[in-house]
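The values are calculated or read from the model by the stated rules, or taken from the named source; none is laboratory data. Small disclaimer: the values here were computed from a predicted structure and weren't measured. FYI the Cβ positions are ideal-geometry reconstructions off the backbone, even for glycines, and counts take in every protein chain you see.
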Amino acid sequence: MISKSSKSLLSSIFVKNAASGFLLIFLGAFCFISNIFAQQDVSPEVVMPPPLKFISKEEKKLLEVETDVKSRTKLALNLIDAKLKEAEVFGAQQKYREMFEKLGNFHALVDNTLDFLDRNDNGRGKVLNNFKRFEMSLRTYLTRIELIRRDLPLEYEFYVRNLGRYIRNARAKAVEPFFGETIVPNNKNNLKR
């Protein structure tokens, strides 16, 4: 049979194990619930849909007329900067729908310029200089987009945050041609010297 001291020892161990088990279950449930709430950014009903990405007919004509890579890139950067300035003004006036439209134009112009530079990339320094110019401009646009995002209501913030991520990816894509084999050729003659 079990003595009284053994029974009291067993009951104290059981109580401690039960208490620690209850504590573990409670902490696990708390962590699970807090994780669920942390993952929910904004409910889908509240988020505004992203704006249309389009370039106006006048801007498209202006861009198509320019055939020189350098002048086309400068023109595109001027148009991009103008759209972002307009978006900043509308954001300051709390005209968020108009601001969204200008950010959609901004997004489309960035896409168009990056595609144009990719199409004309033939490994020459002229296009690489324009990639550099484009990347340096994107760097400044990113900080301005973050400033816009900070002042927005929650329902508009989701797209602008994603636009910031897109600009970071576009910067990375604009820098990629500098690290290709066209810049530093990989041939065996250079290794023997």
(message) Can you find a residue that is farther than 20 Å from L52 by Cβ, touching a Leu at 6+ places or on another chain (Cβ under 7 Å), modelled with pLDDT of 95 or more and in a helix (DSSP H, G or I) anywhere in the stretch 103-123?
(response) no
(message) I want to confirm something. Restricting to the stretch 46-89 and keeping residues that are hydroxyl-bearing (S, T, Y) and assigned to a helix (DSSP H, G or I), which single residue is surrounded by the most Cβ atoms within 10 Å (Cβ to Cβ)?
(response) T73
(request) Tell me, please, whether a residue that is modelled with pLDDT of 90 or more, in a helix (DSSP H, G or I), of a type in the set (D, E) and closer than 29 Å to V89 by Cβ can be found in the stretch 125-140. (result) yes
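Between N112, N122, which is among the polar types (S, T, N, Q) and free of Cβ contacts under 8 Å to residues at least 24 places away in the same chain? If you could, list the steps in order and put the result at the bottom.
On the way: N112 fails: free of Cβ contacts under 8 Å to residues at least 24 places away in the same chain.
From the options N112, N122, the qualifying one is N122.
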(message) So, in the stretch 93-130, how many residues would count as being small (G, A, S) and more than 20 Å from F158 (Cβ to Cβ)?
(response) 2
(request) Go through (1) loosely packed, with under 14 Cβ neighbours inside 10 Å; (2) at pLDDT 95 or above; (3) among the β-branched types (V, I, T) one by one and return the number of the condition I167 breaks. (result) (1)
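Considering each of Y159, Y166 in turn, give the residue that is assigned by TED's automatic domain parsing to the domain that holds V69, out of contact with any Phe, Trp or Tyr (no Cβ under 6 Å at 6 or more places or on another chain), within 17 Å of E88 (Cα to Cα) and among the aromatic types (F, W, Y). Walk me through how you get there before you give the answer.
Values: Y166 fails: within 17 Å of E88 (Cα to Cα).
When all the criteria are applied, what remains is Y159.
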(message) Against the conditions (1) in a helix (DSSP H, G or I); (2) crowded, with 19+ Cβ neighbours inside 10 Å; (3) modelled with pLDDT under 95, where does R97 fall short? Just the number, please.
(response) (2)
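Considering only the stretch 143-157, state which residues are hydrophobic (A, V, I, L, M, F, W, C), closer than 16 Å to K85 by Cβ and surrounded by fewer than 18 Cβ atoms within 10 Å (Cβ to Cβ).
Just the residues of the stretch 143-157 that are hydrophobic (A, V, I, L, M, F, W, C), to begin with: 145, 147-148, 152, 154.
Restricting the remaining residues to those that are closer than 16 Å to K85 by Cβ gives 145, 147-148.
L147 - this is the single residue of the stretch 143-157 that is hydrophobic (A, V, I, L, M, F, W, C), closer than 16 Å to K85 by Cβ and surrounded by fewer than 18 Cβ atoms within 10 Å (Cβ to Cβ).
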